[in-house]
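The block underneath contains the structure these notes are about, expressed in structure tokens.
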Amino acid sequence: MDISILITNHNYDCTSLLKQLHNLIGASEHQCEIIVIDDCSPSGAMLEGNIRVAQSLSGCRYIVNERNEGAAVCRNRLVQMAQGEWIIFIDSDASVGTNTHFIDKYWENRHMADIVVGGLLHPDTNTDDKRSLRFKYEKQADKHRSAKERALNPYDKFTAFNVMAKRSAFDKIRFDESCKEYGYEDALFGLELKEKGISICHIDNPLVHMGLDTNERFLEKTDISLKTLIQLQSQGKMLTGSRVGDMAKKIERLRLQGVYLSLFRVFEKQITRNLLSKNPSLFLFSLYKLGRYISLNP
């Protein structure tokens, strides 16, 4: 087996992605498999549809967890099941889009490093005002997601949304399974790659991120990710490498955290109202994250 494509899913219709990948495999000369772990999605039409499509595609397995275990546990299990010399991690809310040479381009660059990161992009437009914050945030980040810019700090802001790895690299490293909730398991993995000296390179081989959260859900996930970060820091992990954590340290050194928190509590409702609007401010979102981090950090 040349390549194992490994996908984690929770409550998302990934049928289109599975069909796209299956078509690319059929057009390539490489032996590939697709394995999906569904992390305890609620039973219903979406889950049944995912299973039905997966079962109709040759070389595709769909495994359903009986309880929610988190992305880190699922990815480690996927690696254990993979038969390929190389593995490609993909999030279930990805789309191949127009990148019809996605598999072949990874294969051509497989000897560049132990870890090869393909990157991600977002749709050009958003027609749903209720998803304006995540869309605006991601489109701003897209401006700095070319392979050339990512290569300037190759381990920084690591994401497993779309990445190929040498199977043997996982003899040295695993995703941290203490990360049960959303957020920072990817960034922590990137830091550990750097610490262990595992080589990484960046190429332009993007997938399109389709699963934009509503504004309300994005703020909820932001809080969850901040709690995850604080938990990791209490364990002596992720002490550097997070922008919000580094900024909070600067405020702490200046002994201004009490002042900032007091001001944040005065304006929190107004800031939140803006972030839930159809034209949110990314500057206010940065202030929101910092305020919530200080509020949540005991």
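What follows is calculated from the coordinates using simple rules that are stated; it is not laboratory data. Please read these numbers as outputs of a predicted model, since none were measured by experiment. Neighbour counts run over all protein chains shown; Cβ positions are idealised from the backbone, glycine included.
Residues in segment 207-224 that are polar (S, T, N, Q), buried (at least 21 other Cβ atoms within 10 Å of the Cβ) and within 17 Å of the chain's Cα centre (by Cα): Thr222 alone. Within segment 250-278, the set of residues being of a type in the set (Lys, Arg) and more than 17 Å from Phe218 (Cβ to Cβ) comprises Lys250, Arg253, Arg255, Arg265, Lys269. For segment 161-204, the set of residues classified as of a type in the set (Phe, Trp, Tyr) and touching a Ser or Thr at 6+ places or on another chain (Cβ under 7 Å) consists of Tyr182, Tyr184, listed by residue number. Every test in (1) surrounded by 15 or more Cβ atoms within 10 Å (Cβ to Cβ); (2) assigned to a helix (DSSP H, G or I); (3) hydrophobic (A, V, I, L, M, F, W, C) is passed by Ala141 save one, and that test is (1).
Every residue, every condition in (1) over 28 Å from Asn9 (Cα atoms); (2) free of Cβ contacts under 8 Å to residues at least 24 places away in the same chain; (3) of a type in the set (Gly, Ala, Ser), yes or no:
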{"site": "Asn205", "(1), (2), (3)": "no, no, no"}
{"site": "Ile224", "(1), (2), (3)": "no, no, no"}
{"site": "Gln235", "(1), (2), (3)": "no, no, no"}
{"site": "Leu261", "(1), (2), (3)": "yes, no, no"}
{"site": "Gln270", "(1), (2), (3)": "yes, yes, no"}
{"site": "Asn274", "(1), (2), (3)": "yes, yes, no"}
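For segment 35-64, enumerate the residues that are small (Gly, Ala, Ser) and either under 24 Å from the mean Cα position of the chain (by Cα) or under 15 Å from Asn11 (Cα atoms) (or both). Ser41, Ser43, Gly44, Ala45, Gly49, Ala54 - these are the residues of segment 35-64 that are small (Gly, Ala, Ser) and either under 24 Å from the mean Cα position of the chain (by Cα) or under 15 Å from Asn11 (Cα atoms) (or both).
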